[in-house]
Amino acid sequence: METGFPAADSRDDFARARRDATLAKLGRRLRLRSGDVDVLLPFDEVVAALGRRGETRLGLRMVDLDAIVGSTDRVSGFDRRFRPTSDLARSRFQRLAAAVRRGESLPPVDLLQVGDVYFVQDGHHRVAVLRALGMDAVNARVTRVHTAVDVDSGLRMSDLPLKGHERLFRERVPLPPRLQDRVRFDDPEQYALLAEGVEAWGMRWMQEQRRFADRAEVALAWFTEEYEPVLSLLREAGLHPSPGQREGAGESDATAYLRLARERYLLLRTHTWDDGVLERLRARR
């Protein structure tokens, strides 16, 4: 219960936030959830995996506190929801909480935006206090960091290897942005395997064209002349459902293409799709 005295209530605010952090950690263990669910994301590691491409200053704006999930400070003393994970933040947290309870305004925090998420440059305690007091947003100076691969609010530390492989694939197979979501994997190694396959396909395609083409042209040609026609044939043959027919997550288009392309090579050692290939693949399902 609140006492109406800012100093006393701010002590309770910190104690409650610390208790919530501990209970969340215990809950993860009891439910056998991944240990990185509530880990504060490190900016440098995230951007290294995604590939930094530049930045744009966006100025002052209100930012949803739930979207702030990381920090430029590797040792910040907070979890992903900015609950204090030790007593080191106590004095500053309580001082800021008491100020807010007295009606004082806090200066804007400094945030870096990457995709749909934000990382704190300056203002960790302010974010923590506002969250503890039930606020929804914070006034912030925002700089958007552009990356080769975007992320959403569900990003976790364990996703970074996959994002790193996706970034390398996008560099080797630079599809237009409108097509990139059509080629996605859950297994990092599959990106490397497909990139090698596309590059091999591109060499044969350039030989047929009797001219050199850059990676972007090869990627688009592969998508329109190989990837989409193969998926269309697989669906017609009943070997891969259309997106609307899948139960649950199902096998992605990219996974189906890669698996069956490898089968095709092992079966016939050819790169031509025809009815005979489909019959062989159907027999091996």
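Key figures
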| quantity | calculated |
| --- | --- |
| Cut-off 19 Å (backbone N to label point 7 Å along Cα→Cβ of Ser105), residues of the stretch 60-98 | 60-65, 96-98 |
| Spin-label model distance (nm) - Ser153 vs Ala237, 7 Å beyond Cα toward Cβ | 4.3 nm |
| Within the stretch 142-251, chymotrypsin sites (Phe, Trp or Tyr not before Pro) in DSSP loop having at most 11 other beta-carbon neighbours inside 10 Å | Phe212 |
| Inter-label distance, nm, simple model (7 Å from Cα along the C-beta direction), Arg74/Glu199 | 3.1 nm |
| Low-density loop cleavage sites - trypsin sites (Lys or Arg not before Pro) in the stretch 137-188, where at most 16 other Cβ are within 10 Å (DSSP) | Arg156, Arg182, Arg184 |
| Computed magnitude of the charge dipole of the stretch 6-157 (debye, nearest 20; Cβ of K, R +1, Cβ of D, E -1) | 440 debye |
| Assigned charges on the beta-carbon of Lys, Arg, Asp, Glu; the stretch 43-92 dipole about Cα centre (debye) | 120 debye |
| Separation of the Arg95 and Leu60 label points, Cα + 7 Å toward Cβ, nm | 2.4 nm |
| Charge dipole magnitude, Cβ of K and R +1, D and E -1 - the stretch 150-249, Cα centre, debye nearest 20 | 180 debye |
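Computed from the coordinates by the stated procedures, all read-outs in this text should not be read as laboratory data. None of the values given here were measured: they were computed from a predicted structure. No Cβ is skipped: glycine too gets one built from the backbone with ideal geometry, and neighbour counts run over all protein chains shown.
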